[in-house]
Structure formats: structure tokens, C-alpha cells
Amino acid sequence: MEDILNLPVQDPPCIEFSAAHIKWVKVEGGRQGGDDIALIPFTRVDDFVKGESSNAECPASFRIESRRKRSEGSISKPRVDGYLEYTLYWCSYGPEDYRDSESGLGDVSSIKPATGKGSRPGRRHMMRGCLCHFTVKRLYTRPHLALIIYNQRKHVDKTGAPCHGILDQDAVGTRAMYAPRISEELRQKVMSMLHVGISLDNIIQHHMEVVHGHGGPHNRDDFLTRNDVRNIERVIRNTSHELHIDDECSVKLWVQRHPKHVFYFQDASGSEPFILGIQTDWQLQQMLRYGHNGSIASHSTFGSKKFKYPLSTLLVFDSCQNAIPIAWVITSSLVGQDIHQWIGSLAERIRTKDPRWRVNSFLVDDPSFGISVIRDSFQCRVLLCVWHVRRAWIRSLLKKCCSIEVQREMFKHLGWILYSSRSGPNAMEAVEEFLEVFVDQSAFMDYFRRRWSPHIESWVSGIRSIPVAGPEPHAAIESYHRRLKYKLFNEQHTNFWHRIDWLIHTLTTEFHSLYWLDQYNVETGYFPNLRDESFSTNAWYQALNISDNDVILDEHNLQLAKVISQTDRNLAYTIWNPGSEFSLCDCDWSSLGNVCKHVIKVAMICKSRQVARPLLAAQVYRQTLLSLLHSPPEEPVILDHAILCATRLQQEIKGLEDLSNSGLLQQLPPEINSQIADNALLFARSH
């Protein structure tokens, strides 16, 4: 044991792994004549336990038989195998053996449990004397490592014979062939069904159909009973968001009870803000599935006027272009100020599950986000998404301005403020011009001065330095925003808005279940009537189903475009300022302040035909490279750095082209892209 720190740390690339994936070292003198030991990252202990529970020959469920913890600094001279945490896992089919008692061959009252923990009420029927167990030590001197000590790897009783699973002849045809309990995945599935209002009878009927569909029972999950569902229903009914009368204490208790759902927690103390990062197992799976080679988008500072602390969400886009929440962050400070504290923990969590996982782009909806921190954590491109600005401006215009023509013109000018090069180094000049032109619209101008004037320069600066996402993701993010607002801002919850524990409970139960149901319906086709199509099918996905032939676009006059209705072929909708994030349509959905499918479809056509305005960020890159060409530095060190910057910018532009082809960015006109590439190459060769 003195040499355990010289053992290799094994981290199998699969999401879950078992003893078969590990190379074990035998240590003589264990309880069974010798123990097998191995080192793994501590963060992967749960993956190992799940993998061991999925043994094909002996399906099992490992329970925590005992657990001990020590605090750091409590030992002055720790042993090499000394622990911070000690956990003993034992197969749920042991260690007691009630097989003879159940058959009437023995006296139940005379049998004493081997561990001295009483009669284990409710579990006697599954006790078959299994001795399979292992110990996990979180090493005191290496807290990031876990030492696994496998005391008995085989699922056998004291005679050495198999006691459950397919190798046990007595278990064949009984539940002892399978795991003793339903899996955590099925438990979460049933809980989600109950949260969305599916009755017990419908759950059982649906389960029977699924089992029949794959040819009969194959594991413990296939034996789901009404009692299983009732037990889960009872847990839901008896669970309250208020674990303590004090909200802060209640949140701490929730964190202690749900450590697997927390990827970052910092309690408020002194100058340190409150931060809670939440990600359930299901959300982690969606991040692995849709985030890999895809995009992540932020939906920040929701509920800042109603909740105690605002809510921020990270989203991915599924195959139907719907936004799925894959993490929630609740913080007492501005999310952009403390992102450096939690974003690294989230990135490490996902790469621990799959080291090969990569995301293509990260969309931020606030220019104050730590862009460099995101780039370093996820090694991806960062795009600025203006969905929040667009939505706030158009909804305010619809509310405060009566004339439709004036609304369109003002909306176009607001887009110019953000994008037009006329704003120059001082964006406030463009703002003042806007205020003068529309001085008669006092209601909107008062709102604009109060809410946006202090932040305009920050947004303009962000747009001039960060590539901007196209309008397609706006619809998906807006759909999530409306669903979140519909669920959390219900007037019947007014008394709970000031409590963080209520927000956490609602997100991780009812709201979480809505998105689980959506994905389950997409994957299986079950429960289509329970999906709310107004949230589940967004304008981005709908736009993909509009034929290019239904778009009427005059490339020589880009003031207007028309899209023929998909339901009434005699009707055509008009789109003003086509190809821009600040386009408007005269359809009913757009008149409510939403991004409609017609606006997105026209934007797609503009990009595919390359008739949209070049992206301002591309012009900034071009100007940067040309300035290097015209004014090359004389200092060798600076010159080398300039060449490196030129090469990096060339690579960035190639990456932006790839994102443009995927629909997240406007395509760069060929002449700009080729000129930048040629200039960068010429510059590198000549210096």
C-alpha cells in the first residue's frame, strides 16, 4: 500500500465504466485473502458505480453501507492511503441471506443481520447473501484521486456459489435474475411523467406497451409495478421546496441533498457573491448529445425585477432547432462578473464525462460576459447574440408607438445604431441623431434614455469586436424565454418569488419535466397530445419547411421581401429590412414582437444568395489586417507577434465561414474573405 501513489490513474473514455475496464493490482492480506486496488479520478466514482451495477451476468444495485468523512487539516501525518472520504458500497443482494427463511426452512427471528443494522425493513425479500463489495477512499494527500479497493468482485455467497443473476440456477425465472430496484433513469422518467400530469394508469399502460415492443421483460425496469409508481408519487407529494423556514438554510440543505445536480456552489460571504450552478444528469446527457460539434447559447439575467437573484440559463439546440436548458446559474451579482468562477467547473464536468467532447460556438447575450474566459474554458469561438436587445426594443415600440410605419422606421434606425459604421468611435452621436429624428415619440424616447443610453456604447463596442450570430437562434431562445416566463411568472406563485429554494425546486421538477417530455416525444412518438406546440416548435424550425420558391426577393431592391403563406396560397406576408436581425413582418406572430418564420426564411435566402450586408466584424478583421500591411512594426519581437496575429485572424475568419454555412452567421462575401486571406498570406511571406 506504500506504493499506491505510483499506480497509474485510470480514466476510461466511456461515459460509464466497470471493473472490466480497469487494470487491477492485487494487494495481499485482504479480507478475502487479497484485495484488488486501482486509482481513478474522484469525479468518476459515480460512473464506476453505475457501470458495476450494469453487470450483464449479475445485474445489481450497490448501496452505500457506510460512509465516513474527515476535514482537511484534521491529520498532521496522514497515511499514504489515508482518506478525506471513505465509502463502502455493497451489493443490495447481501450480505444477509434470507433465502431459506423465505422458503420456510428457517426461523426468521433467529437470524441476525451480519452488519448489525437491524432487520432492514422492506428489503428482506431481496437478501441472498451476496458478498460483492468495494471501498472508495478519496485520498487525503490527493483529494482529486479515488482509491478503489475491491474486496470481493464476484457476486457469490459464503459458499462461493453465484447467488443471483443468470449464473444462479435458483434465480432463473425470478426477479433475482435482475437488479433489485428500478434504475435511476426509470425513476426519473416516472417522476417526469407524474410532474407533467400523466396518471398512474397511463404510466403503467405505457410501460407495458414499451416492454411488449421489445419482446418482453429483460431487466428489473421491465417489472415496473403500480407500487413502484405509487412510491414515487408519494415522494413527490411529500416533497416541499421549503426545507427550512430560512431561505439561505433551505438552499444549503438542497445542495447537501442533491450533490450530483450541483456543479458549482458558493455561499454569499463578505465580498463574495452567492453562486449556484445546477445541472441534472438528464441535462448533462443533452449537453453531451447536442452540444458536441454544436452551439451553446446563454439566456441571462431572467427575473431580475421579480426574483431575489436573477436566473441565467445555458441552452443547446436539438435536431428540431428547439432550445433545451442544459444548466442553470443563480447568482447575486451580474452574471458577466462572476462567470470566471463557475464556467471552468462546467467545462471540466462535461470533459470528465467525454474528453473528446467539443463545442463549435458559444453565443452570449451580454457584451459584459468574460469572452476570454469562455474561449479558454471551451476552446471555441464566441458570438454575440442580440436577441434580448431586439426583443426589448420591438416590444417597447409596439407598446409606445401607434403608427406601424413609424415603428418600422424607428426599428431600422435602432439597428443602424448597433451596426452602422457611421456610429464610429462615439456611438452616442448616432443615438443623439436618432433622438432628434424621432423627437415626437416621447414615450419610447424616455424609455430608451432611461434603459439603454447608459449601455449603448458597450453594445456597439461588443458588436465591433465580437462576431454576431444571425437571427435564426433568436427564435429558439425566445421560445425558451416565453416558456420560462409562462411557468415562473404565474400569479399564483407571487408569494414565492423572493425565495431561491422555490425557484430551484420548480426548475428541477416541473419545468425540467416539460423538456424531458418534449425530447421523449421526439424520440419515441409517445404522448404527442401533452406537448405544447406553441413552445415546442419554434420559428427557426418552421422556417426550414418553407420552400425557397415561396420567397419573393428583389436582389436589386432589398427594402422589401415577400413570403407566400403556407396555409393560404393567396396570401403573401411582407418583410421590411430583409436579411437583418432588425427585420419586421406583417404577420400576426411578428406583430406581437416575436421573430417569425418568414423573417428567418428571408434571412436564410439572403445569406445563401449573399445579398445581405457584410458582417461588421468581418470589416473589423479586414481593417486590422490591412493596418498591419500598411504600417508593419520595426521591432522584431513585435513583428513576430504581428505575424502570429495575422495568421490567427486568418484562421478565425475560416472558422466564421464554417459557422456561416451552419446558419449561425451571415456569410462573408467572397471578395472580402479572399482579400483578407491573400493579404494575410502576403504579409506573412514578406516579413
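Could you give me the residue pairs with C-beta distances under 9 Å whose first residue belongs to the stretch 209-227 and is not assigned by the TED database to the domain that holds Ala60, whose second residue is open to solvent by 70 Å² or more (accessible area, probe 1.4 Å) and outside any loop (DSSP other than H, G, I, E, B) wherever it lies, and which are 6+ apart or on separate chains?
Here the result reads Arg220/Arg175; Asp221/Glu185; Phe223/Arg175; Leu224/Met208; Arg226/Asp201, each pair linking the stretch 209-227 to a residue that is open to solvent by 70 Å² or more (accessible area, probe 1.4 Å) and outside any loop (DSSP other than H, G, I, E, B).
Yes or no: Arg464 surrounded by 14 or more Cβ atoms within 10 Å (Cβ to Cβ), touching a residue at least 60 places away in the same chain (Cβ under 8 Å), of a type in the set (D, E, K, R) and closer than 29 Å to Gly294 by Cβ?
yes
In the set Thr313, Thr331, which member is open to solvent by less than 10 Å² (accessible area, probe 1.4 Å), touching a His at 6+ places or on another chain (Cβ under 6 Å) and modelled with pLDDT of 90 or more?
Residue meeting the stated conditions: Thr313.
Return the residue satisfying two criteria in turn: it lies in the stretch 197-223 and is assigned to a loop (DSSP other than H, G, I, E, B) and either closer than 21 Å to Glu57 by Cα or polar (S, T, N, Q) (or both), and of such residues it is least open to solvent (accessible area, probe 1.4 Å). Reasoning before the result, please.
Keep residues of the stretch 197-223 that are assigned to a loop (DSSP other than H, G, I, E, B), which gives 197-199, 214-219.
Now drop any that are not either closer than 21 Å to Glu57 by Cα or polar (S, T, N, Q) (or both), which leaves 199, 214-219.
On the way: Ser199: 52, His214: 82, Gly215: 67, Gly216: 15, Pro217: 68, His218: 112, Asn219: 69 Å².
So the residue we want is Gly216.
Those residues that are of a type in the set (A, V, I, L, M, F, W, C) and touching a helix residue (DSSP H, G or I) at 6+ places or on another chain (Cβ under 8 Å), I need them from the stretch 2-21; list them, please.
Once the filter is applied, which keeps residues that are of a type in the set (A, V, I, L, M, F, W, C) and touching a helix residue (DSSP H, G or I) at 6+ places or on another chain (Cβ under 8 Å), the stretch 2-21 yields Cys14, Ile15, Phe17, Ala19.
Within the stretch 197-214, track down each residue that is among the charged types (D, E, K, R) and farther than 16 Å from Pro528 by Cα. Don't jump to the end; show me each part of the working.
Going residue by residue through the stretch 197-214, those that are among the charged types (D, E, K, R) are 201, 209.
Within the stretch 197-214, Asp201 is the sole residue that qualifies.
Among what's in the stretch 406-429 and is over 16 Å from Trp452 (Cα atoms) and at pLDDT 65 or above, pick the residue that is most open to solvent (accessible area, probe 1.4 Å).
Residue satisfying both the conditions and the ranking: Glu409.
So Gln341 passes all but one of these: (1) open to solvent by 10 Å² or more (accessible area, probe 1.4 Å); (2) at pLDDT 90 or above. Which condition number does it fail?
Evaluating Gln341 over (1) open to solvent by 10 Å² or more (accessible area, probe 1.4 Å); (2) at pLDDT 90 or above leaves (2) as the failure.
Can you pull out the residues in the stretch 378-392 that are open to solvent by 20 Å² or more (accessible area, probe 1.4 Å) and within 27 Å of Phe263 (Cα to Cα)?
Gln379, Arg381, His388
Search the stretch 135-159 for residues being part of a loop (DSSP other than H, G, I, E, B) and closer than 18 Å to Pro8 by Cβ, and hand back the single one that is most open to solvent (accessible area, probe 1.4 Å). First the steps, then the outcome.
From the stretch 135-159, those part of a loop (DSSP other than H, G, I, E, B) are 140-144, 153-155, 157-159; that's our starting set.
Narrowing further to those that are closer than 18 Å to Pro8 by Cβ: 141-142, 144.
On the way: Thr141: 55, Arg142: 97, His144: 119 Å².
Applying the filter and picking the extreme gives His144.
Farther than 15 Å from Tyr515 by Cα and part of a helix (DSSP H, G or I): does that describe Ile296? Walk me through how you get there before you give the answer.
Working: farther than 15 Å from Tyr515 by Cα: yes; part of a helix (DSSP H, G or I): no.
For Ile296, the condition - farther than 15 Å from Tyr515 by Cα and part of a helix (DSSP H, G or I) - is not met.
Does the stretch 479-496 include one or more residues that are farther than 26 Å from Gly303 by Cα, surrounded by fewer than 16 Cβ atoms within 10 Å (Cβ to Cβ) and either out of contact with any Lys or Arg (no Cβ under 7 Å at 6 or more places or on another chain) or not assigned by the TED database to the domain that holds Ile324 (or both)?
Checking the stretch 479-496: not a single residue is farther than 26 Å from Gly303 by Cα, surrounded by fewer than 16 Cβ atoms within 10 Å (Cβ to Cβ) and either out of contact with any Lys or Arg (no Cβ under 7 Å at 6 or more places or on another chain) or not assigned by the TED database to the domain that holds Ile324 (or both).
What's the number of the only condition in (1) surrounded by fewer than 16 Cβ atoms within 10 Å (Cβ to Cβ); (2) under 18 Å from the mean Cα position of the chain (by Cα) that Arg395 fails to meet?
(2)
Conditions: (1) touching a residue at least 12 places away in the same chain (Cβ under 8 Å); (2) of a type in the set (Ser, Thr, Tyr); (3) open to solvent by 10 Å² or more (accessible area, probe 1.4 Å). Ser513 meets all but one. Number of the miss?
Only one criterion is unmet by Ser513, namely (3).
Tell me whether the stretch 467-488 contains one or more residues that are in contact (Cβ under 8 Å) with a residue 60 or more places away in the chain, acidic (Asp, Glu) and in a helix (DSSP H, G or I).
Scanning the stretch 467-488 turns up at least one residue that is in contact (Cβ under 8 Å) with a residue 60 or more places away in the chain, acidic (Asp, Glu) and in a helix (DSSP H, G or I).
Open to solvent by less than 30 Å² (accessible area, probe 1.4 Å), touching a strand residue (DSSP E or B) at 6+ places or on another chain (Cβ under 7 Å), more than 18 Å from Ser300 (Cα to Cα) and not hydroxyl-bearing (Ser, Thr, Tyr): is that true of Val359 in this structure?
Spelling it out, Val359 is indeed open to solvent by less than 30 Å² (accessible area, probe 1.4 Å), touching a strand residue (DSSP E or B) at 6+ places or on another chain (Cβ under 7 Å), more than 18 Å from Ser300 (Cα to Cα) and not hydroxyl-bearing (Ser, Thr, Tyr).
If you go through the stretch 224-251, how many residues are exposed (fewer than 15 other Cβ atoms within 10 Å of the Cβ) and not basic (Lys, Arg)?
Summing the residues that are exposed (fewer than 15 other Cβ atoms within 10 Å of the Cβ) and not basic (Lys, Arg) in the stretch 224-251 gives 14.
Looking only at residues that are of a type in the set (S, T, N, Q) and open to solvent by 80 Å² or more (accessible area, probe 1.4 Å) in the stretch 537-574, which one is nearest to the chain's Cα centre (by Cα)?
In the first step, residues of the stretch 537-574 are kept if they are of a type in the set (S, T, N, Q); the result is 537-538, 542, 545, 547, 549, 557, 559, 565-567, 570, 574.
Okay, now just the ones that are also open to solvent by 80 Å² or more (accessible area, probe 1.4 Å), so 545, 549, 559, 567, 570.
Details: Asn545: 27, Asn549: 37, Gln559: 39, Thr567: 36, Asn570: 43 Å.
Ranking the candidates gives Asn545 first.
Among the residues of the stretch 272-291 satisfying the criterion of being out of contact with any Phe, Trp or Tyr (no Cβ under 7 Å at 6 or more places or on another chain), not in a helix (DSSP H, G or I) and not hydroxyl-bearing (Ser, Thr, Tyr), which is surrounded by the fewest Cβ atoms within 10 Å (Cβ to Cβ)?
Per the criteria, the residue is Glu272.
When only residues in the stretch 47-60 that are at pLDDT below 90 and either surrounded by fewer than 19 Cβ atoms within 10 Å (Cβ to Cβ) or hydrophobic (A, V, I, L, M, F, W, C) (or both) count, which is nearest to Glu185 (Cα to Cα)?
Lys50
Please work out which residue is farthest from Asp532 (Cα to Cα), limiting yourself to the stretch 171-196 and to residues that are modelled with pLDDT under 85 and in a helix (DSSP H, G or I).
Out of the qualifying residues, it is Ala171.
Here are some conditions: (1) in a strand (DSSP E or B); (2) under 12 Å from the mean Cα position of the chain (by Cα); (3) within 13 Å of Leu346 (Cα to Cα). Ile324 meets all but one. Which one does it not meet?
Among (1) in a strand (DSSP E or B); (2) under 12 Å from the mean Cα position of the chain (by Cα); (3) within 13 Å of Leu346 (Cα to Cα), Ile324 violates only (3).
The values are calculated or read from the model by the stated rules, or taken from the named source; none is laboratory data. None of these values were measured; they are calculated from a predicted model. Every residue, glycine as well, gets a Cβ built from its backbone with ideal geometry; the counts of neighbours run over all protein chains shown. For accessibility, only protein heavy atoms count, side chains too; no ligands or nucleic acids. Shrake-Rupley method; radii C 1.70, N 1.55, O 1.52, S 1.80 Å.
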